[in-house]
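Worksheet: one structure, shown below.
The values are calculated or read from the model by the stated rules, or taken from the named source; none is laboratory data. The structure displayed is predicted, hence computed values, not measured ones. Cβ atoms come from the backbone with ideal geometry, glycine included; neighbour counts cover every protein chain shown. Only protein heavy atoms, including side chains, enter the accessible area calculation; ligands, DNA and RNA are left aside. Shrake-Rupley method; radii C 1.70, N 1.55, O 1.52, S 1.80 Å.
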Amino acid sequence: QLQFVESGGGLVQPGGSLRLSCTASGFASDYYAIGWFRQTPGKEREGVSCISSRNESSYYLDSVKGRFTISRDDAKNTVYLQMNSLKPEDTAIYFCAAAGYVCYEGDWQYDYWGQGTQVTVSS
C-alpha cells in the first residue's frame, strides 16, 4: 500500500507564507524526482516546482520564481515547498507527485500522486 500525503495548506493573507510537506510511505522517496502541481476549478493543472533525486536539479514555474523554494529530506521521506509572498492567484489545490530520478515537464510521467492540500490566499 503506497501512500503519498500532502499537508501544510490553509488560509493565508496576501504576502504571507506557508510550507507544504509531502511525505511518502511504502516506497523510498530518494529514488524519485518529486514535483508539485496545482489545480484550480476551470484551469488546467500546472507544474509549480520539481526537485530531482540527489538534488541535482530543480524547476520552478516562472510566476513563482523567487517566492517558492523546494527542498527534500530523504531521511524523512519528505519534500517541502516553502511558499513566500503568496498572492491570490496562488490559490489552488496543491499535489505532490513522483517520477523516476529526473523532473519531467508533463504530469503524465509521474507515477504516484498525493490527495492534495488546499491553499487559499485571501484578505
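Residues that are aromatic (Phe, Trp, Tyr) and touching a residue at least 60 places away in the same chain (Cβ under 8 Å): does the range 61-77 have at least one? Checked against the condition, which is being aromatic (Phe, Trp, Tyr) and touching a residue at least 60 places away in the same chain (Cβ under 8 Å), the range 61-77 yields no hits at all.
Within the option set Ser63, Ser52, being of a type outside the set (Phe, Trp, Tyr) and at pLDDT 95 or above holds for one residue only, Ser63.
One line per residue, one yes/no per condition, for (1) of a type in the set (Lys, Arg); (2) touching a residue at least 40 places away in the same chain (Cβ under 8 Å); (3) open to solvent by less than 50 Å² (accessible area, probe 1.4 Å); (4) on the phi > 0 side of the Ramachandran plot:
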{"site": "Gln82", "(1), (2), (3), (4)": "no, yes, no, no"}
{"site": "Ser85", "(1), (2), (3), (4)": "no, yes, no, yes"}
{"site": "Tyr94", "(1), (2), (3), (4)": "no, yes, yes, no"}
{"site": "Ala99", "(1), (2), (3), (4)": "no, yes, yes, no"}
{"site": "Trp108", "(1), (2), (3), (4)": "no, no, no, no"}
{"site": "Gly114", "(1), (2), (3), (4)": "no, yes, yes, no"}
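Report whether or not Cys103 is in contact (Cβ under 8 Å) with a residue 12 or more places away in the chain, assigned to a loop (DSSP other than H, G, I, E, B) and open to solvent by less than 50 Å² (accessible area, probe 1.4 Å).
Judged against the criteria, Cys103 is a match.
Check the range 68-77 and report whether any residue there is within 11 Å of the chain's Cα centre (by Cα), surrounded by 13 or more Cβ atoms within 10 Å (Cβ to Cβ) and among the small types (Gly, Ala, Ser). Yes. Here Arg38 meets the list (1) farther than 21 Å from Gln109 by Cβ; (2) modelled with pLDDT of 95 or more almost entirely, failing just condition (1). From the list Arg54, Arg38, the one residue that fits, being assigned to a strand (DSSP E or B) and among the charged types (D, E, K, R), is Arg38. Restricting attention to the range 23-58, which residues are over 16 Å from Val119 (Cα atoms), open to solvent by less than 50 Å² (accessible area, probe 1.4 Å) and out of contact with any helix residue (DSSP H, G or I) (no Cβ under 8 Å at 6 or more places or on another chain)? Result: Ala24, Ser25, Phe27, Ile34, Cys50, Ile51, Ser52. Taking the criterion of being touching a residue at least 40 places away in the same chain (Cβ under 8 Å) and part of a strand (DSSP E or B), the residues of the range 41-51 that qualify are Gly47, Val48, Cys50, Ile51. For the range 8-22, the set of residues classified as part of a strand (DSSP E or B) and open to solvent by 60 Å² or more (accessible area, probe 1.4 Å) consists of Leu11, Arg19, listed by residue number.
Condition check for Glu89 on (1) surrounded by fewer than 16 Cβ atoms within 10 Å (Cβ to Cβ); (2) closer than 25 Å to Gly16 by Cβ; (3) in contact with a Ser or Thr (Cβ under 7 Å, 6 or more places away or on another chain): one failure, at (3).
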